[in-house]
1. Which pairs turn up if I take residues in region 265-279 that are assigned to a helix (DSSP H, G or I) and open to solvent by 10 Å² or more (accessible area, probe 1.4 Å) and look for partners that are modelled with pLDDT of 90 or more and hydroxyl-bearing (Ser, Thr, Tyr) with beta carbon separation below 8 Å, at least 6 apart in sequence or on another chain?
2. Could you tell me which of the residues 343, 414 is surrounded by fewer than 22 Cβ atoms within 10 Å (Cβ to Cβ), of a type in the set (A, V, I, L, M) and under 25 Å from residue 101 (Cα atoms)?
3. Identify the residue in region 121-150 that is in a helix (DSSP H, G or I) and without any contact (Cβ under 8 Å) to a residue 24 or more places away in the chain and, among all such residues, is farthest from residue 186 (Cα to Cα).
4. Output yes when any residue across region 210-225 is more than 24 Å from the chain's Cα centre (by Cα), in contact (Cβ under 8 Å) with a residue 12 or more places away in the chain and within 28 Å of residue 167 (Cα to Cα), and no when none is.
5. What are the residue pairs meeting all of these: first residue in region 85-101, first residue over 17 Å from residue 190 (Cα atoms), second residue open to solvent by less than 20 Å² (accessible area, probe 1.4 Å) and β-branched (Val, Ile, Thr), Cβ atoms under 7 Å, and 6 or more apart or on different chains?
6. What tally of residues in region 280-300 results from selecting those that are open to solvent by 30 Å² or more (accessible area, probe 1.4 Å), touching a residue at least 24 places away in the same chain (Cβ under 8 Å) and more than 18 Å from residue 338 (Cα to Cα)?
7. Checking residue 349 against (1) free of Cβ contacts under 8 Å to residues at least 24 places away in the same chain; (2) touching a Ser or Thr at 6+ places or on another chain (Cβ under 9 Å); (3) over 21 Å from residue 268 (Cβ atoms), which single condition isn't satisfied?
8. Name the single residue, out of those in region 67-115 being under 19 Å from residue 166 (Cβ atoms) and of a type in the set (Val, Ile, Thr), that is farthest from the chain's Cα centre (by Cα).
Amino acid sequence: MTGTRTTTAPRSAPQEDGGRGRRRGGRWIEHWDPEDETFWRRTGERTARRNLLYSVFSEHIGFSIWSLWSVMVLFMGPAYGIDPAGKFFLIATATAVGALVRIPYTFAVARFGGRNWTVVSALLLLAPATAALIVMEPGTPYGTFLAVAALTGVGGGNFASSMTNINAFFPLRKKGWALGLNAGGGNIGVPVVQLAALLVIATAGAGHPRLLLAAYLPLIVAAAALALLRMDNLAPVRGDAGAVREAVRQPHTWIMALLYVGCFGSFIGYSFAFGLVLQTQFGRTPLQAASLTFVGPLLGSLVRPVGGALADRYGGARVTLGAFVAMAAATGLVVLASVRESLPVFLAGFTALFALSGLGNGSTYKMIPGIFQAQAVARGLEGEAAAAHGRRLSGAAMGLIGAVGALGGLGINLAFRAAFSASGTGTAAFVAFLGFYAVCCAVTWAVYLRRPVGAAAGPQAAGSGAKAQLPSV
């Protein structure tokens with residue numbers, strides 16, 4: 001059978017405890033078969049939902065720490081001596097590191113276990129939060145700020161390990177909803193930290209960023225403790241270098257990475273840059289910017305599970321294409337508002353971009369396991385063999401796709417930096433984004449909608465009857 005190497009209990013083994021066993025000194029579930037409806041109904045769903053809940057909380061805190069510098073720059077007034085280009089580069093640094101660490105974080109789940117790595121990755125967040133607490137004051141060298149901004153990138157890695165872990169817990173028919181909820185609950189850490197910053201600025205003033213940073217230290221400890229006490233490791237998820245190599249060779253890994261740049265790259269890039277754009281282009285004060293910044297990321301986070309649920313029902317490719325078409329239209333509105341210097345129209349277009357990117361985030365992550373399972377069915381695998389192949393490759397691919405997608409956020413911040421340095425506005429950057437969304441529309445249609453599903457699943461999909469059996473992409 002093509003699939004993840006497993007150590008499973010016999011089918012007749014008792015399942016009342018979800019197959020949980022003790023191994024390597026931790027909480028390990030030895031048997032896990034979510035595609036078995038009886039197993040899922042009796043114990044699997046309850047266990048999966050519990051792990052999902054605490055995964056969401058830990059990932060949520062990770063996103064808040066990753067996006068710290070989207071709000072720290074609002075506290076950095078003239079006394080800090082850093083111009084807008086320098087502030088954009090601080091944000092871009094955090095984005096870049098967060099994207100790159102997603103690759104090792106993905107594979108850490110198979111190496112150490114999902115529960116174990118959630119505990120470790122949560123505790124690692126103490127380092128950037130404590131470092132920022134120490135250095136946030138005028139007179140600190142710019143290089144020190146850059147180093148601390150880079151350190152916050154570990155929060156971006158939490159997303160990749162969390163998604164890889166939760167992907168293994170749920171059956172294909174539930175992945176869109178589960179991955180959308182997991183990611184949406186994590187993404188909402190961005191507007192939450194922005195709302196917290198608004199509260200600090202409104203009550204204590206822009207000179208007290210340490211109040212915000214101190215508030216997150218006990219939350220980080222709570223996330224680690226809850227993961228330790230309430231989450232599980234899945235023994236069937238093993239380190240599999242072959243899966244990684246195969247995922248790297250798969251064209252669909254890189255096609256989906258491109259599409260994820262368009263949706264998640266947009267979400268995280270805009271989330272990090274929005275407040276600074278409002279300050280720089282529209283002259284908003286830190287309090288005014290903070291009062292507007294959180295709305296878009298909040299909508300984008302809340303709608304992500306909706307994108308996953310719609311993809312479960314209608315197919316991820318259809319929902320993704322619709323999201324990109326609408327994002328192109330919203331970007332056109334933002335370009336018009338930027339040229340005319342209309343803040344209300346700008347806010348309307350930008351808010352729509354956040355919501356639509358969230359929709360696309362949910363639908364693209366539904367597509368990933370469906371694509372690889374469709375390939376397995378097209379090659380003649382059936383049932384659990386096809387599902388195991390899909391879980392194996394999609395788990396390996398998610399880290400690569402998530403890392404490349406997050407680099408889209410880096411591209412957005414660097415584009416803004418270049419545009420504001422050259423002209424004082426972000427118009428040129430928005431025009432470039434519009435062109436990229438057009439490319440994403442074309443790729444989604446050409447690869448996943450124009451041809452029959454069998455063709456999208458791989459060159460061996462032409463076998464007799466294969467199309468009728470392929471899972472929806």
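1. From residues that are assigned to a helix (DSSP H, G or I) and open to solvent by 10 Å² or more (accessible area, probe 1.4 Å), there are no pairs.
2. Values: 343 fails: under 25 Å from residue 101 (Cα atoms).
The conditions single out 414.
3. Filtering region 121-150 for residues in a helix (DSSP H, G or I) gives 121-124, 126-135, 142-150.
Filter once more, so that each one left must be without any contact (Cβ under 8 Å) to a residue 24 or more places away in the chain: 131, 134-135, 143-144, 147-148.
Details: 131: 22, 134: 26, 135: 26, 143: 29, 144: 28, 147: 24, 148: 22 Å.
Per the stated criteria, the residue is 143.
4. No, region 210-225 contains no residue that is more than 24 Å from the chain's Cα centre (by Cα), in contact (Cβ under 8 Å) with a residue 12 or more places away in the chain and within 28 Å of residue 167 (Cα to Cα).
5. 87/73
6. Residues meeting the conditions: 7.
7. Unmet condition: (3).
8. 109
The values are calculated or read from the model by the stated rules, or taken from the named source; none is laboratory data. Please read all numbers here as calculations on a predicted model, not as lab measurements. Glycine gets a Cβ as well: all are built from the backbone with ideal geometry, and neighbour counts include every protein chain shown. Please note that ligands, DNA and RNA were not included when accessible areas were found on the heavy atoms of the full protein model with its side chains. Shrake-Rupley method; radii C 1.70, N 1.55, O 1.52, S 1.80 Å.
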